[in-house]
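A.B. asks: Can you keep this structure in mind? I'll have questions shortly.
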Amino acid sequence: MRALIDVGDWQELLTLEEGRALEGEEAPELVRDLAARYPYPGDLDPASATWVTEMALALERDYAPELLVAIYASPYWAAFHPEGKSAWEERVARTRREVERLLSATSLEPVLVGLGGMLPCRGEVELLSSLEGLAVAAGPLARQAGLFLPTSEDLKLLRRAVGIERVVAREEFQNEFGGHPAFYQRFPDYLILSREGFCLRALGSSPRPAYLVPEGPALIPLTGPAGLREKVNSLVDLAPTLLELLRRGQRILLVLLEGMGTDAFPWPFRPVANTCGWYRYIAADFPQYLALFTGQHFTAWTYPPGLAYYREDRPGKPYPFSGLFSELPAAALGRVYPGRTAAVGGRSVHTHVFAGCRLCVECFVRGLYHQGVMVTWRDPL
């Protein structure tokens with residue numbers, strides 16, 4: 001795979017697997033044009049929703065994909081706005097307008113999924129200084145953390161903590177859920193899950209103050225053609241159902257809406273399960289993306305929540321521009337379907353890793369620091 005990073009004044013062509021600059025080679029004209037023509041305004045700018053719509057329309061017009069994925073993340077990023085709920089409401093309204101604009105212009109069959117809403121932050125559970133063991137979390141709004149080498153006092157403290165919902169040992173989790181052996185090779189000694197409205201502060205979590213926290217809903221909203229709605233009872237039913245429609249010649253627009261759950265979804269919808277046993281997928285977290293795009297629960301892959309990602313963060317790590325991941329899920333819809341697929345996302349890393357489309361355009365942002373646009377693709381386009 002190839003990647004092109006555009007930061008406004010210059011473009012850099014790379015191999016996605018190695019992150020190695022390709023001197024003397026040139027990206028396809030379509031790739032160069034998309035990256036340069038639509039600069040990303042930044043995660044914290046509400047105009048990021050407009051960017052997703054503009055890029056999605058350009059992809060449909062210039063690339064004509066059979067599957068087009070559009071990921072709107074603006075309501076999720078309201079979590080870092082001091083006005084909290086009012087900022088979220090404003091972003092939800094703007095995102096709705098942008099989605100309606102996309103739906104009015106597209107010729108593809110739309111399927112819309114809300115990934116779950118945002119709740120006022122009730123508190124933060126600080127895990128770094130209060131424990132003898134090491135607590136590790138990843139992502140901008142951590143609600144799950146891994147715990148390594150805890151003492152018995154650590155476990156007692158956590159089980160009494162107001163903001164903690166569960167503390168689950170590796171063996172207990174594996175006995176209940178099963179899954180890929182490599183999933184448990186990376187699994188922490190204990191997995192910590194916060195209560196609704198609480199976020200976790202641990203090694204690797206964002207230091208920014210959070211005013212909203214993603215929920216872990218039992219149900220998420222879905223709307224689409226009647227044949228699809230009847231078959232999708234769980235988030236893991238979506239990818240195989242879409243694959244079947246694509247193979248029948250249906251052209252699909254899949255819209256994912258971060259920070260929007262059943263309470264704020266503005267279209268008629270069917271609620272579908274967002275669970276794996278007692279485990280509820282946290283809205284917009286990577287296990288939820290994996291389940292949506294692969295049709296498999298998160299235990300089927302090799303990356304658990306709360307893993308000690310720093311152990312693999314070394315020179316020569318594969319896929320250095322893909323966050324903590326050193327491999328990409330082969331079962332992702334955009335990798336399984338052999339036709340022409342494209343994705344645009346206001347969520348960096350998740351877009352190319354989990355959608356897996358032949359052509360992906362995403363914001364190039366790390367830790368909310370805006371750096372530009374990244375396009376990834378597989379030849380031949």
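Quick note: the coordinates plus some simple rules give every number you see, no bench work behind them. Quick caveat, the model's predicted, so the values are computed rather than measured.
A.B. asks: Measuring from centroid to centroid over Cα atoms, what is the spacing of region 295-351 and region 191-232 in Å?
C.D. replies: Cα centroid of region 295-351 versus Cα centroid of region 191-232: 18 Å apart.
A.B. asks: Between helix 48-63 and the chain, what is the angle of the helix's C-alpha long axis to the longest principal axis, kept within 0 to 90° and rounded to the nearest 10?
C.D. replies: 40 degrees
A.B. asks: If you average the sequence gap of Cα pairs under 8 Å that are 6 or more apart and divide by the length of the chain, what percent do you get for the contact order?
C.D. replies: Computed over the chain, the figure is 25 percent.
A.B. asks: While we're here: Can you tell me the 0 to 90 degree angle between the C-alpha axis of helix 85-105 and the longest principal axis of the chain, rounded to 10?
C.D. replies: 30 degrees
A.B. asks: Between [x] 73; [y] 53; [z] 59, which matches percent of Cα pairs over 25 Å apart calculated for the structure shown?
C.D. replies: It is the one labelled [y].
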